[in-house]
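Just below is one structure, and these are the notes that go with it.
Each value in this text was obtained by applying a stated rule to the coordinates, not by laboratory testing. Small disclaimer: the values here were computed from a predicted structure and weren't measured. FYI the Cβ positions are ideal-geometry reconstructions off the backbone, even for glycines, and counts take in every protein chain you see.
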Amino acid sequence: MPERSDPIIVIGAGAAGLIAAWKAASIGAPVLLLERNSKPAIKILISGGGKCNVTHDGPMDEMGKAFPKREERFLKHAFHSFTNDDIRSMLLESGVPTFVRPDGRVFPGSLRASDVVRALVDRVRSSGGEIRLNARATGILSSDGTVAGVTVGGEEIPSRRVILTTGGVSYKKTGTTGDGISWGAGLTHTIIPLRPALAPLRVHPPLPVEWRGIAIRGGKLSLYGGGRQIDSWPGDILFTHEGISGPAALGLSRSAAVALEKGDVALYLDFFPGAEFTELDRDLNRLITEGRGKQIGSIVCAMLPDRMVPFLLGQIQVPPSTRGYVLKRDARRKIVGLLKAWKIGTIGGIDIDRGEVTAGGISLDEINPRTMESRNVRGLYVAGEVLDIAGPIGGYNLQAAFSTGFVAGESAARSWLDSNGDDPR
Ligand SMILES: Cc1cc2nc3c(=O)[nH]c(=O)nc-3n(C[C@H](O)[C@H](O)[C@H](O)COP(=O)(O)OP(=O)(O)OC[C@H]3O[C@@H](n4cnc5c(N)ncnc54)[C@H](O)[C@@H]3O)c2cc1C
């Protein structure tokens with residue numbers, strides 16, 4: 001039987017777990033943080049390409065608006081309880097100053113994710129929290145709808161308060177294999193179907209291998225299915241060995257994954273979303289006139305990356321060697337049509353493991369957003385990506401994990417102090 005004074009157990013030392021453990025310990029509750037890996041927060045270490053886009057600048061209400069409506073409503077309290085300024089101040093106090101990029105993304109000044117992890121781990125330890133590494137939790141014990149402890153292999157650790165922060169199911173090698181999601185289901189929680197988000201898009205037919213590494217700055221990708229536009233996303237686009245990546249592709253992946261369940265989804269690229277068809281037609285015409293005897297292939301190279309031109313002109317049956325001045329109006333308009341709406345192909349698949357986040361997870365309807373406590377199981381608190389939360393790129397997902405972790409840690413600690421007859425510090 002668990003005792004009132006048993007420590008709060010936090011499962012998973014990622015972004016949400018470290019903040020939850022720090023907050024609970026700093027209020028004065030005993031805390032045991034379990035992490036299956038030999039080091040904490042591997043996902044933070046690889047975040048932002050190892051530089052860690054730690055949060056996003058601006059008012060917290062704006063931050064909320066970056067999430068789907070239901071998630072925005074759920075996050076409101078957490079976002080105001082622990083803000084982007086709070087995490088930045090906390091890091092600064094730990095000797096990790098941050099800076100804001102012109103696009104609003106916040107990074108550590110050193111551009112080293114390891115500095116962020118070190119600061120968070122130091123905070124947990126200096127507040128009195130214990131971190132146990134190489135400790136994979138294997139289950140959550142409960143009795144009569146109340147948490148009773150956690151199992152770690154054959155060992156049972158009793159506790160009346162467990163904070164579940166095991167993350168999503170992508171990048172499984174980092175430790176996120178979905179343990180918390182299975183336990184949530186076992187503990188009567190509804191699981192919203194898991195889908196990739198912020199993942200590269202595989203396309204069919206595959207794109208020429210020599211395109212790998214090409215970046216299109218400021219384009220726009222659009223998805224079409226069932227005879228209508230499903231979604232579109234502006235931003236940079238990157239051709240990789242996996243297909244299409246970069247902010248625009250990652251941004252579309254969540255809705256592409258949903259649409260794929262219903263049928264084929266076509267992907268279109270607008271190379272110049274800021275220009276109208278007629279404007280581009282005028283530009284191309286001017287380039288042709290100025291180019292005099294130049295071939296259309298080299299003229300179009302002024303508008304598109306060189307490596308793409310022969311393939312793209314081939315798609316509309318315009319030989320690149322055609323002299324610009326002999327090009328008919330129809331052929332010129334076909335080129336402009338391609339610049340505005342090139343059908344890349346159909347989406348061939350989206351690998352959930354390659355998603356920077358997992359959409360879906362433990363249903364928000366069954367978690368109290370003011371405490372992060374489960375409405376189904378007393379003493380179970382849930383925070384971070386294990387919940388049905390997935391924001392866009394830009395530091396939103398780490399902030400959601402920090403803020404929900406903060407609320408979970410604070411409410412679990414207050415509950416511990418209440419039942420142990422202590423006043424919160
Ligand atoms: C490549 C990549 C880049 C990213 N870049 C950014 C970025 O720059 N900015 C941003 O905002 N977001 C970024 N994200 C997303 C962000 O990292 C996650 O949304 C965030 O880390 C989620 O925090 P979390 O605490 O919920 O889960 P995680 O940080 O994933 O932590 C979960 C922890 O639980 C542990 N665990 C799991 N099961 C068990 C168990 N049974 N027992 C014990 N421990 C367990 C795991 O080992 C892990 O340490 C990126 C993600 C990826 C994959």
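Test of understanding: given the chain, find the longest segment containing no GluC sites (Glu not before Pro) that are in a DSSP loop and have at most 14 other Cβ atoms within 10 Å. With a cap of 14 other Cβ atoms within 10 Å, the longest stretch comes to 4-260. Mean projection of the Cα convex hull over all viewing directions, computed for segment 200-350: 8.4 nm².
In a fully extended conformation the segment linking Arg212 and Leu45 would gain 57.5 nm over its present Cα-Cα distance, using 0.36 nm per residue.
What angle do you read, to the nearest 10 degrees and between 0 and 90, between the alpha-carbon axis of helix 84-93 and the longest principal axis of the chain? Taking the Cα atoms of the chain, the angle to 84-93 is about 70 degrees. Once the Cβ-Cβ distance of Arg370 and Gln229 is raised to the sixth power relative to R0 = 51 Å, the FRET efficiency obtained is 0.85.
Quick one: grab the alpha carbon gyration tensor of the chain, order the square roots of its eigenvalues as a ≥ b ≥ c, and give me rounded if a/c is under 1.5, else prolate or oblate depending on whether a/b is larger than b/c. Verdict is prolate for the chain. When the chain is treated as a Gaussian network with alpha carbon springs shorter than 10 Å, the biggest mean-square fluctuation among Thr146, Thr358, Thr322 belongs to Thr322. Considering only beta bridges that DSSP places wholly inside the chain, some 75 percent are antiparallel. To the nearest ten degrees, helix 113-126 and the longest principal axis of the Cα atoms of the chain are 10 degrees apart.
Note: relative contact order over segment 200-350, using C-alpha pairs below 8 Å and six or more positions apart, is 30 percent. Charges were assigned to the Cβ only: +1 to each Lys and Arg, -1 to each Asp and Glu. The resulting dipole of the chain about its Cα centre is roughly 1580 debye. For segment 21-169, what log10 I(q)/I(0) values come out of the Debye formula at q = 0.08, 0.11, 0.12 1/Å, with one point per alpha carbon and no solvent? Listed by q, the Debye log ratios stand at -0.28, -0.52, -0.62.
Using Cα-only point scatterers and the Debye equation, what is log10 of I(q)/I(0) for segment 264-350 at each q in 0.10, 0.18, 0.19, 0.20 Å⁻¹, rounded to two decimals? Listed by q, the Debye log ratios stand at -0.25, -0.75, -0.82, -0.90.
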